[in-house]
Structure formats: structure tokens, C-alpha cells
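Below is one structure, written out as C-alpha cells; comments come after it.
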Amino acid sequence: MYLAFASSALQTQLAYRGQVWASLFGKLIQVFAWIAIWMSVYGDAGSVAGATLPEMVTYALIGGTLTTAWDWRRLLNAVGASVCTGDVAVYLLKPMRYPLYLFATECGNLGYKLGAIALPVGVVVALTYGVLPPASLFHGVMFLLFWALSFVIIFLLAVLCGLLAFWLLTAFSLEWLLQGILSLLSGTAIPLWLFPDQVAAAVKLLPFAWISYHPIAVYLGKTSLAETWTYLGLGLVWAALLTLAVAVLWHRAALRITVQGG
Amino acid sequence: MTAIIEARAVSKRFRQHRRFPGLLGALKTLFTSEYTEVTAVADVSFAISEGEAVGYLGPNGAGKSTMIKMLTGILVPSSGAVSVLGRTPHRQRMTNAREIGVVFGQRSQLWWDLPVRDSFELHRRIYDIAAARFAENLGSLSELLELGPFLDRAVRQLSLGQRMRAEIVMALLHDPKILFLDEPTIGLDVVAKDAVRRFLTQVNSERGTTIVLTTHDLQDIEQICPRLIMVDQSRLIFDGELRNLRATLGSRRRLTLEFGVDPGVLALTSARLVADEGPLKHYLLEREDISLLDVLTEIGADRDLKDVKLKEPNIEEVIRTFYQGRNAAGAAG
Amino acid sequence: MGSALRVLPFLVRLYVKSRLEYRGAFLLAISAQFFSYACGYAAIWILLQKFETLGGWDWPELALLFSFQLLAYSMGAALSFVQFRDLEEQVRLGTFDTLLVKPFSPWAYLAFSGLNIGYAGHIILAAGLMAWSLTQVGMDWTPGSALYLFAALVSAALVNAALITMIGACAFIFVQSSHLYTIFFGFWELSRYPLTIFPAGLQWLLLTFVPLGLASFVPVAFLLGKDIPILGEWGGLAAPLAGPLLVLIAMAHWKYAISRYQGGGG
């Protein structure tokens, strides 16, 4: 059943072919823009803050395509809309759990975004600028784990913010809020090692850092064996905490909806 | 009488982008582009005179809304000519817009979050209505449709019936010569429908406003429009007086005779026996020219007749019969 | 025409009134947007702490560029973005028809009935950042340069409004226009940065096909005396002229697009 949802999501996306080409183009531009920025600031410098230009190119590529493949805004707004209107009550009646349904659907969306957009963009950028392989087999495998964790965390954050819309009566502001936080703290554009040392130490511990920074840092081999496992563990803790938060909010929202009717 | 609305051999065709079903089909739409052509209106002609109230009737997809859009200047005919108040609507859109009022049943022109009065005030400015005339119209029209209690309430707080009444009043504030209504009674409850119908009839007779009304609801037409234009599958199939529809499409009045005592089999030449329940007999009068008196005369005076019921088929039955006949004729080839 | 002037302010008043019905959400929205852009700029600021310049521009100069781009965009988009992005849905639902039966310009009605005060957050941030950066940037200010800044800003706002309108009007032709906005915003993000860091191909696109480069980099570079790729000396003149020119193009495009809507798009 959940597989059917994933497939259906994929189909819906492909139906809007204009949007597919446009998203592809948009993503490509974004990645090229950041590579241009890195190339410009690095100039002839070899290594800055422990990273070389080729590493930053790879950083921008992975950050632009893999860790940000999935569109969290759609989910945030969808959840926000369904709790605000009370439509979600429909799901309370069905023989399945709403969050699982969401996860299955979003996996389908992720699949589409990866195949239709991330992959082509990645290939084009890799051919144009060259991409570095993972620092080692260990780091490569760990990267895959971190990447899966990254998707889970951003998924949970999106659902969390969508649910918060129930009390704030608007998803719009939450979307912008999350976007601001991610632009600064997720490490998607700016690697956290460029932050002043003490700030960096703190930011690296926030859940947002697991969305782009930690996966890419692992891929590039910036973390030792011990550090990698530690961060994986911490990431899982965050995932658990966020799941708990989502469960609590979901329960309270569902309660109020069934009592008041949205 | 000269026509103020004229359609001459008007046709309208649309192009639609094809969608393919399924996952493979979804991939296909990524790379191909195909169109199908749809004819919404085919070779329709009619002329409406000033002061008439005309109903435009037809099933979904018959081309009613498309026709109204061409008459109001929203769409340009693919072929043929449309003339309203002596102008081509789409060519002189703004001048035409000043003299017509349009009410869309399913598309509101009122501002959702603001009081009704604010939308009216905006209307006054857009149509450049003189202050005195505006006050007069607002007063008399809102009194007729009883808008008083909710003129200052936000549109989102109104019921559908109240909103519809406000929309109709707004469309008349600038004294238009023609009022177009696209399915105005859709979704309204019985009381609201009745209010709207009485109001429109009054507007037509007292102000001389020409009314063109599209609808599914035959009672709209029965109450408001003496004349009916019927379309089906993009073609015009009837244009004339409502009472002629029965004659043209055939009518079958039901006659029920109740006797004190079962008179036995009672076959008549003026009416056809369709059901015999002993003292209660049902007949169909299939000819327009035969009246109830003819039937009673044929029955005779000393039959112990207790009660007589004559039922006119309503328009719905008439039209349904027509379609059934058309489909049967089509099937027969 | 005179009646139009009576209608437009009233339209704006009505929209502001309806928007302020939801005061809490409105204030939250502009705060959230202020925050989001501030975060984005903060990220670049952090970058520049380590690298000092980007494409030869230091932080105050970049701040001027960012704020100019955002201010021009906000002013232009207030008159166009949400209104013409939602045109797609209006066409789909048929509610646009209600605008065609009024004796009023559909474009003006759309633009002004939704004059988006929601950009207040953007404008406050941009104006503030611009005010700060103007004092920090090493430049001699004359009445001439102040006038140029103003003219370039207005022109840049017009460029944004014209491009956004043209994209929205495509809804009349293609029914869907949202994917074109995706492309627009892709370029829009690029136009935030000094054009010089991009390959020639992108520079060309940002000066011709999607001339957002003329709405940010070119006028600011001219003011700061920086080199302008491709246009060189002509850049200074091109920026203030781009706005009015694009408006004319947009008007012609709008007329054409509406004629397609009425002709038989669907």
C-alpha cells in the first residue's frame, strides 16, 4: 500500500513536465553559482580552513544535489494546510498511520527528485568541474548512512513545522523561518568549519548540521573514525528527539481536531 | 423590434493538451506534446430584443458558458459574428462592459474578507456611477432583495443565498441595459431561489433590463423567462416560447379519474388508458388540442365521477422525453 | 483615465484593509521573511570574514549590492509577484473572467488589488542595510550620484515588475506558468552576486534574456566605479533605461497574451 503511494507521488510529479525541466535548470544554476563563488574566493589559494578548492566544488555539488534533493517546503505546507483546515481528520479514519503515509509519499518524491533532477545535475557538474570520490571506503559507506539520516531529519523538521502551523494558524511564516535557519546552520552553502571556532562547535551539535554539513564532512574525510561514529550516534539521538516531538504535537493536534473539528 | 443581442453562425473551438495515463504515460508527457480540438459551440444563431428575458438551457458541456463568454466579450468566436448593443463585445470590451452587468454563479466578484458595502463602493468607482444614482439604486435594490441586515457584514460570513443576492444587486447598480447571469441559482436553497427569481422577473418588467440567463434549473426558466434557447452538444436545438416547447417536443398530460364505483373497462378516444386500478383510472392525454372538457364530455355525465386530477408534465419530463427520443432515434440510425 | 486614478488608491486601501484583518499572521510573515534574508546575508558575511573579498568586492560593497537588489525586487514584486503568479490559478478556475467584464484594465486591477504590503520585511531589511553600507563604502557622494542611485533603483524595480508580469501572462498561453518562475528565481539568486564571478555565458543571460543583472550589479558597479563585463562604459546608461524599456515590452506581451486567452487557449 505504501509502495503505491510512493509510485503515485512519482507519477504526479512527472505529469508536470514544464516543472521538471525548470527545476532541473534551477538546480543546475544554483550549484554553478556556488561553485563560481568558491572559485572566486579561493582564487589561487591552496587550502583554506583545511579544505581545498576541489573539495569545495565537491561540497557544493553534494550540498546542492544530494542533501537538498528533497523539497521540504511542499510537505511543510501540505501538513500545515491539512491541520489548519482539519482535512487531516480524514486520515484519522483510515486504516493506516498518517505519518507513515507521509513518509512513504515523500520517499516517492525523493526518488523522483533524485532521478529526475539531482542525477542529471550531478552528472553535468561532475563532467564540467570534476568531483572527488569519497575519502575512503569507510567514509563512503558512512556517508550513505549519514545521507539517509539527513533525509529523516529534514523530513521530521518539515513535519514538525507543519504541525506548528496548527497553533500559529499559518505555515507561511514557519516556512520562511525554517528556510532562514537552514540557510545559515545546515551547512548546505557555507561549511560550518568557516564559522568562528566556538560558534562552530555549538552549531555542529544542532540538528540542522546533520542535513548537509555532517554528511558532506564525512564524505570528504574531514572526520576521524571516532568522530564519525560519534556524530552518527548524536544524529540518531536528534532523530529520536524529533520523532518524539512530532508524535507529541501530532497527538495534541489530532485531539483538538477530533474534539473541535479543526 | 431591433435586436440588441445578435449571434450569427457563431462557433467556438478549443485546443486541449493531451495527457497520457499511468507511469509510462507520465514519462511520455515529459517529451511529447499533442493537442485535441474541442468544439464548444457550433454554428449557433439567434437574436434577442430589448427587454426580453431569455433562458439558455442545456446539459453540462453543451456550450452555455462559452456562449455567455462570447456575448460578454471574454472570448472571441472562432467563426461567425456576435453583436451586443450594436458593438462587437471583444473589440470594444470596456465600452460594452459599462452597459452590461454580469453575474457568475460560481465565481464571486465580491471581496471575501470585507463588508459587502465595500465591494459596492468599489463598483461605484469602477463604473463611475453618480453619487445620487448610486444611493438610489443601492437603496431600492437592497430593499427588494433584503440586503439590509448584512450590508455591513464580511462576505465570508454570508450564506450562499445572501452572497448571491448581493452579487445580483451589485451587477445592477450601474443600470446596465443587459444583465447576463451564468447559473445564478446553483446551490441555493428553495427560499433563496424563489427570492432571486421573483427579483429578476421584477427587474425585467419594471426596469426593462434585458435578461440572459444560463441554467440547469428549469424552474428558473419557467418563472423568469418566457423565451428559451436550448443547446445540446454545442448545437442550438430549440429557440422559442416556453409553452411551444411542450408542443414541439411533445407533451403528455396525466389524467387521473376517481369513480365512486368501478365503471369497468373505460377506453376513450380522447385519452389513452395506461393504468386501471378499478375505481381509479390513469390516462395520458397525448394531443395538445384535446382539453379536459373534451375528455369529460366523452365520459358522460352519469358515471359517478368523484375526482379529477390533471397533471401537466413539467419541463424536466418534457426534455427528458425529448432526449430519450433523440437517443433512441440515434440508436435506430 | 481620470476615473482610474480614483479607483487605484481605493483598490489598494481595500486590499490593505483585508490584509490587516489577519494582523497577527501579517506581522509574523514579514518578521519571518526579514529573518530569512538576514540569515542569508549573514552566511555571506561569515564567508567574507575568512576570505575578505568576493570577486573583488568587500563586505560593505556586497552589502550595498545585496540591499539594492532586494529593495528593487521588493518594490517591483509588491506590484506583481503574488498577483501574477496566482493568475495561473485564476485562469484555471475561470475567475479571471470576472476581470474581463469590468470596464477597467485587468492588469491594473490585478496589480493594485493585491499591492503586496507583505514585502515590508524585505524593504525594512534592505533599506536598513543599504543605509549602513552607503556610509561604509569608500565613495564620494554627489547630488548626481544620489540621483543616479534613485533612478537606477526605480528602473530596477520596473525591470523586476515587468519580468514577473510577463511570466505570469504566460498563463494565458500555456496555462501553467509556475515553472517559469522557478527559472526566474534561479537567475534572481545569481543576480545577487557580482557578475564577474560567473562564466561569460551566464553573464550574457543576466544582461539580456533575464536582464536582472541590469537591476542589481550593473548600476551598483557603476556607482562604485567597478568594471562592468560585456557592457563596459555603456552599463551606466543601460541600467536606468532598462526599466522603462522592459515595461513597454511587457505591455505588448500582455496584450498579446490576453488575445491568446480569448482566442482559444482553453
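Within the stretch A:184-208, count every residue that is touching a Ser or Thr at 6+ places or on another chain (Cβ under 7 Å) and assigned to a helix (DSSP H, G or I).
Of the residues in the stretch A:184-208, 1 are touching a Ser or Thr at 6+ places or on another chain (Cβ under 7 Å) and assigned to a helix (DSSP H, G or I).
Could you list, in sequence order, all residues of the stretch B:76-95 that are within 8 Å of chain C (Cβ to nearest Cβ) and not polar (S, T, N, Q)?
Matches in the stretch B:76-95: B:Val76, B:His90, B:Arg93, B:Met94.
Kindly indicate whether any position in the stretch A:158-180 is farther than 23 Å from A:Ser82 by Cβ, surrounded by 16 or more Cβ atoms within 10 Å (Cβ to Cβ) and either modelled with pLDDT of 95 or more or of a type outside the set (Phe, Trp, Tyr) (or both).
yes
With the requirement that a residue be touching a helix residue (DSSP H, G or I) at 6+ places or on another chain (Cβ under 9 Å) and free of Cβ contacts under 8 Å to residues at least 40 places away in the same chain, what does the stretch A:232-246 give you?
A:Leu234, A:Leu241
Here is a list: B:Leu144, B:Leu151, B:Leu188, B:Leu173. Which entry is under 26 Å from C:Glu21 (Cα atoms), touching a residue at least 12 places away in the same chain (Cβ under 8 Å) and among the aliphatic types (A, V, I, L, M)?
Checking each option against the conditions leaves just B:Leu151.
For the stretch C:12-60, give me the residue count where each residue is farther than 19 Å from A:Ser186 by Cα, assigned to a helix (DSSP H, G or I), facing another protein chain (nearest Cβ under 7 Å) and in contact (Cβ under 8 Å) with a residue 24 or more places away in the chain.
Number satisfying all stated conditions: 2.
Could you pull out every one of the helices (runs of 4 or more DSSP H) wholly within the stretch C:111-208 that has 1 or more residues that are free of Cβ contacts under 8 Å to residues at least 12 places away in the same chain and over 30 Å from C:Ala257 (Cα atoms)?
C:120-136, C:143-174
Let's see how each residue does on (1) of a type in the set (Ser, Thr, Tyr); (2) within 10 Å of another protein chain (Cβ to nearest Cβ); (3) in a helix (DSSP H, G or I):
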position	(1), (2), (3)
B:Ala97	no, yes, yes
B:Gly101	no, yes, no
B:Ser108	yes, yes, no
B:Ala135	no, no, yes
B:Leu138	no, no, yes
B:Ser142	yes, no, yes
B:Asp152	no, no, no
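Filter the stretch B:176-202 down to the residues that are in contact with a strand residue (DSSP E or B) (Cβ under 9 Å, 6 or more places away or on another chain) and at positive phi and list them by number.
B:Glu183
Would you confirm whether any residue within the stretch C:153-176 is within 14 Å of chain A (Cβ to nearest Cβ), buried (at least 21 other Cβ atoms within 10 Å of the Cβ) and polar (S, T, N, Q)?
There is no residue in the stretch C:153-176 that is within 14 Å of chain A (Cβ to nearest Cβ), buried (at least 21 other Cβ atoms within 10 Å of the Cβ) and polar (S, T, N, Q).
If A:Glu227 satisfies all but one of (1) assigned to a helix (DSSP H, G or I); (2) within 13 Å of chain C (Cβ to nearest Cβ); (3) of a type outside the set (Ser, Thr, Tyr), what's the number of the condition it fails?
Just one mismatch for A:Glu227, condition (2).
Condition first: hydroxyl-bearing (Ser, Thr, Tyr) and farther than 26 Å from C:Ser105 by Cα. Now tell me which residues in the stretch B:118-177 satisfy that.
Across the stretch B:118-177, the qualifying residues are B:Ser140, B:Ser142, B:Ser159.
Would you check which residues across the stretch A:14-47 are assigned to a helix (DSSP H, G or I) and on the phi > 0 side of the Ramachandran plot and list them?
None - no residue of the stretch A:14-47 is assigned to a helix (DSSP H, G or I) and on the phi > 0 side of the Ramachandran plot, so the list stays empty.
Being modelled with pLDDT under 90, assigned to a helix (DSSP H, G or I) and in contact with a Leu (Cβ under 6 Å, 6 or more places away or on another chain) narrows it down to one of A:Tyr101, A:Tyr112, A:Tyr91, so name that one.
A:Tyr112
The values are calculated or read from the model by the stated rules, or taken from the named source; none is laboratory data. Not measured: the values here are computed from a predicted model. Virtual Cβ from ideal backbone geometry, glycine too; neighbours counted across all protein chains shown.
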